Amino acid sequence: MALQQFVGGLPSSPADVTLTAQFDITPRLHATAVRAGRTFNDWAVLLKHLRNKFNKFFDFQKGERKLTCLSRERLPRQPQLDAVVYQRYMERVQGTAPFPAVCHVTGEDHTQCSCCQAINWGQEEHGLPCQVVLRGAVVSTCFTSRRCQGLAEDGSPCSGQLTVDGREFGVLRATESLAFGHDLLYHWSDRMVAGHSDTWHTSWLLTILGDKSLTRNQQDQLWGRKGAWSTATLDFIQLQGIDWLAGFRCTCWKKGVSLDGTAVAFHKAQSRIEHPWRALIQEGAERVLGALFSERVFVRDHELRKLLLPFTRKGKGLTVDEHAGLLVRLEALGLEERERALLPFVTETTAAADSGKRIALPGNAVMLACLVGTAPASVYMRPAIFGRVQALLQDGVVAWTGSVSQEIALACPLLHSFLKPHLGAAALPPNVHRLLGHVLQVAQEACRPSTLPPGTQLPAISMAEERRMRASAAAPGDENRPPEQWCILFHVMGDVESPRTVFDIMYTHFPEAPDRIASDNGCNMHSFKLNREPERYRLTQITIDELHYVGHDNCCPAYNTGEYKEITNSSLPEQKNRWIARLSNQVSYMKQFTFMYYMRYYILCLNELQASTAQGTCFFRSPEDAS
């Protein structure tokens, strides 16, 4: 599996909380998308097939996992939140009360039979011997039951039975012959919150086998119970009645989203949990995309780009002869008017004192690096300031007030650095005025909306032609997700860290585009979005985390988050990956349903830990630790 993480929000947010794919969690958004696997090549799979495959484990009517254990009563997230659970928990931990040899059924005097509605229970009947696995000990007990003495509607004896749930004795009854103590289950949950890597099959075994009094036969029996233990932990999660949306809700995702991916595990047999919405084009119909490559880049001439890129690199430059030859070759090119607007700034150079090379003036070098490459012009001049630039071109420097300067500096700091030295004069220099006008024109063209028809859901077959089409959304409601689709807070990725993956997630989970998106592959993702839905992402600022930008050769400096003072913690997903990577070994042995369910709970636990840490409170899950 590969996990795609999203973390959003400004640094002033009170908490920093992890999420998986519903994208409405607490202050900073951290979402997880799960890749389907190496051999998964099809983007579309019938939801019916998914239902049939998961029907064994999941109740689609209730929207929750089916319980496989005998216990049915709800458990608190923390034992101290319930008096009965807390009392039994502390008895098990402190060893103040031995586990009873017989666990008697309770409530027979007032419990109504669910079958015949009568209150008439027979004598206690002893069940099978049951092995109870506690934290540090294994004991034997027997659970009793009572049969209903009433009659069914047809006059036959009622089949109702009163049994021991296990909650009142501090255990979860997995089967008639096996139970697990709450002390062990909550200890397992605590270790998960702490980020331990042995939280699935092994932690309880290590805890139990630490008791030297266990015989070899008992140890072998416990080792053979690991499958039952993994199922019991899933039942333990389900019995807590977790409000997943409340645990993963974010009210400030609109401010910004940062994302990163990490490989956790791969499976050969995978199912598509979610599939994107796409536009189906009728045969013969014209498909008009958004801004194409030639329309969104400033320099369309490949030869010009190849000549100027070495000249724009930081710390590099040309010798005097190379620079003279460059000017001659530039004049020989049949350039467009907007490309010729760059030439005056190529001639404005300074000689490097140490090497004797000629390099562009600092302001010009950054400007050339942004406009000469393959990045859209709209990343250098964002749509948010189109009106300010238009006023500057029409009214001159009088339109450059303090508030305007601050607005441009925040939205486009590199453009602000280029313009600032020229604003002391009575008017903009002709070269600057002409270049600014061309950049504005190209940036506006890059945001031209597409005219693709509304998207619809693809049939559930492999359709190579449609897969090459855009992954657009056309779902009703507040979120662009199919109304009948089952969502377990994950998004299945078809490609790791690809622009398509981010595009699918942003469309199928977000009601609207966030103000900021930071990604390792932000440059390609920006072009991908402009080519399909430029209008939707018109005001979205797309950047590359400063840590990853170092490895982007010839990439536009305007993508670097280090240029923006307001953007902080864009590398937070990298820190989250350290916690998720701990699971790589154990999740590789899980089936997909188990993986999805387990991962959701794991990230929820990280949310709780991170939320309490951000609030400045000490976080103790275990009562014995708190004491």
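Numbers for the structure displayed
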item	result
Residue match in segment 532-546 (condition: assigned to a helix (DSSP H, G or I), free of Cβ contacts under 8 Å to residues at least 60 places away in the same chain, basic (Lys, Arg) and over 23 Å from residue 370 (Cβ atoms))	no
Verdict on residue 181 being crowded, with 18+ Cβ neighbours inside 10 Å, more than 16 Å from residue 225 (Cβ to Cβ), outside the structural domain of residue 584 (by TED's automatic domain parsing) and within 46 Å of the chain's Cα centre (by Cα)	no
Matching entry among 454, 421 (being part of a loop (DSSP other than H, G, I, E, B), at pLDDT below 90 and surrounded by fewer than 16 Cβ atoms within 10 Å (Cβ to Cβ))	454
Scope segment 147-171; condition surrounded by 22 or more Cβ atoms within 10 Å (Cβ to Cβ) and farther than 14 Å from residue 99 by Cβ; matching residues	148
Residues being touching a Ser or Thr at 6+ places or on another chain (Cβ under 7 Å) and outside any strand (DSSP E or B) - total across segment 153-183	6
Filter result (outside any helix (DSSP H, G or I), touching a residue at least 40 places away in the same chain (Cβ under 8 Å) and either under 18 Å from residue 291 (Cα atoms) or not basic (Lys, Arg) (or both)) within segment 354-386	359, 360, 373, 374, 375, 376, 380, 381, 382
Residues of segment 65-86 that turn out to be without any contact (Cβ under 8 Å) to a residue 60 or more places away in the chain and either surrounded by 12 or more Cβ atoms within 10 Å (Cβ to Cβ) or outside the structural domain of residue 174 (by TED's automatic domain parsing) (or both), as a count	2
Hits in segment 557-614 - residues which are over 27 Å from residue 541 (Cβ atoms), outside any helix (DSSP H, G or I) and more than 20 Å from the chain's Cα centre (by Cα)	589, 590, 591
Residue match in segment 136-150 (condition: over 25 Å from residue 84 (Cα atoms) and part of a strand (DSSP E or B))	yes
Test for residue 435: is it modelled with pLDDT of 90 or more, in a helix (DSSP H, G or I) and touching an Asp or Glu at 6+ places or on another chain (Cβ under 8 Å)	no
Flag if residue 205 is modelled with pLDDT under 75, in a helix (DSSP H, G or I) and under 30 Å from residue 577 (Cα atoms)	yes
Residue among 553, 545 that is modelled with pLDDT of 80 or more and of a type outside the set (Gly, Ala, Ser)	545
Every residue from segment 551-579 that is of a type in the set (Asp, Glu) and either out of contact with any helix residue (DSSP H, G or I) (no Cβ under 9 Å at 6 or more places or on another chain) or under 23 Å from residue 377 (Cβ atoms) (or both)	553, 563, 566
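Here's the yes/no breakdown for (1) surrounded by fewer than 16 Cβ atoms within 10 Å (Cβ to Cβ); (2) modelled with pLDDT of 80 or more; (3) over 22 Å from residue 223 (Cβ atoms):
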| position | (1), (2), (3) |
| --- | --- |
| 94 | yes, yes, yes |
| 109 | yes, no, yes |
| 123 | yes, yes, yes |
| 126 | yes, yes, yes |
| 135 | no, yes, no |
| 177 | yes, yes, no |
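The values are calculated or read from the model by the stated rules, or taken from the named source; none is laboratory data. Keep in mind that this is a model prediction, so the values were computed, not measured. A quick note on method: Cβ atoms are made from the backbone with ideal geometry, for glycine too, and the neighbour counts reach across all protein chains shown.
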